[in-house]
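**Q** I have a structure here, written as structure tokens, and I will follow up with some questions on it.
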Amino acid sequence: MLRPYQYIATNGSDANPGTRGRPFRTFERARDAVRGAGQTKARKVTVRGGVYEFSASFTLRLLDSGTPKHPVIEAKVTSPSPGNTSGERSPVPDH
């Protein structure tokens, strides 16, 4: 069962459940977990500070926003923000 809060961290693992203590490693894993949970609850994805490397473009689609009644909310990330360009390193500041 997917919890309403998901976490991504540079020291996480995509084998983890995406919790605060056991975060996911990649944006793709968090996106896929939220997609797989359906749109029956609001979700929040928190990205912890660090440098994230992307080997390919990362894409979010309209379905990744949830619904007006059950939105998917990405935690506030100040500039520089995570990128979606293939092969780039994207720093995310610690909060």
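The values are calculated or read from the model by the stated rules, or taken from the named source; none is laboratory data. In this text, all values refer to a predicted model and were calculated from it rather than measured experimentally. A quick note on method: Cβ atoms are made from the backbone with ideal geometry, for glycine too, and the neighbour counts reach across all protein chains shown.
**Q** Quick one: residue 40 ticks every box in (1) in contact with a helix residue (DSSP H, G or I) (Cβ under 9 Å, 6 or more places away or on another chain); (2) closer than 19 Å to residue 69 by Cα; (3) without any contact (Cβ under 8 Å) to a residue 40 or more places away in the chain except a single one, so which number is it?
**A** Among (1) in contact with a helix residue (DSSP H, G or I) (Cβ under 9 Å, 6 or more places away or on another chain); (2) closer than 19 Å to residue 69 by Cα; (3) without any contact (Cβ under 8 Å) to a residue 40 or more places away in the chain, the lone unmet condition for residue 40 is (1).
**Q** If we keep just the residues of the stretch 24-43 that are in contact with a Ser or Thr (Cβ under 8 Å, 6 or more places away or on another chain) and assigned to a loop (DSSP other than H, G, I, E, B), which is surrounded by the most Cβ atoms within 10 Å (Cβ to Cβ)?
**A** My answer is 25.
**Q** Kindly evaluate residue 21 against the criterion of being part of a loop (DSSP other than H, G, I, E, B), at pLDDT 90 or above and not aliphatic (A, V, I, L, M).
**A** Here the answer is yes, as residue 21 does meet what is asked.
**Q** Here's something else I'd like to know. Of all residues in the stretch 49-61, which are surrounded by fewer than 17 Cβ atoms within 10 Å (Cβ to Cβ) and assigned to a loop (DSSP other than H, G, I, E, B)?
**A** 49, 55, 56, 57, 59, 60, 61, listed by residue number.
**Q** Does the stretch 38-62 hold any residues that are in contact with a Lys or Arg (Cβ under 7 Å, 6 or more places away or on another chain) and farther than 14 Å from residue 74 by Cα, and which are they?
**A** Hits for the stretch 38-62 are 51, 53.
**Q** Still on this model: Does the stretch 7-45 hold any residues that are polar (S, T, N, Q) and under 18 Å from residue 61 (Cα atoms), and which are they?
**A** Within the stretch 7-45, 26, 39, 40 qualify.
**Q** So, one more: Based on this model, can you work out whether residue 46 counts as in contact (Cβ under 8 Å) with a residue 24 or more places away in the chain, in a loop (DSSP other than H, G, I, E, B) and either out of contact with any strand residue (DSSP E or B) (no Cβ under 6 Å at 6 or more places or on another chain) or surrounded by fewer than 20 Cβ atoms within 10 Å (Cβ to Cβ) (or both)?
**A** Considered against the rule, which asks whether it is in contact (Cβ under 8 Å) with a residue 24 or more places away in the chain, in a loop (DSSP other than H, G, I, E, B) and either out of contact with any strand residue (DSSP E or B) (no Cβ under 6 Å at 6 or more places or on another chain) or surrounded by fewer than 20 Cβ atoms within 10 Å (Cβ to Cβ) (or both), residue 46 comes out as no.
**Q** Within the stretch 62-95, count every residue that is modelled with pLDDT of 75 or more, in a loop (DSSP other than H, G, I, E, B) and surrounded by 11 or more Cβ atoms within 10 Å (Cβ to Cβ).
**A** Going through the stretch 62-95 one residue at a time, the tally reaches 3.
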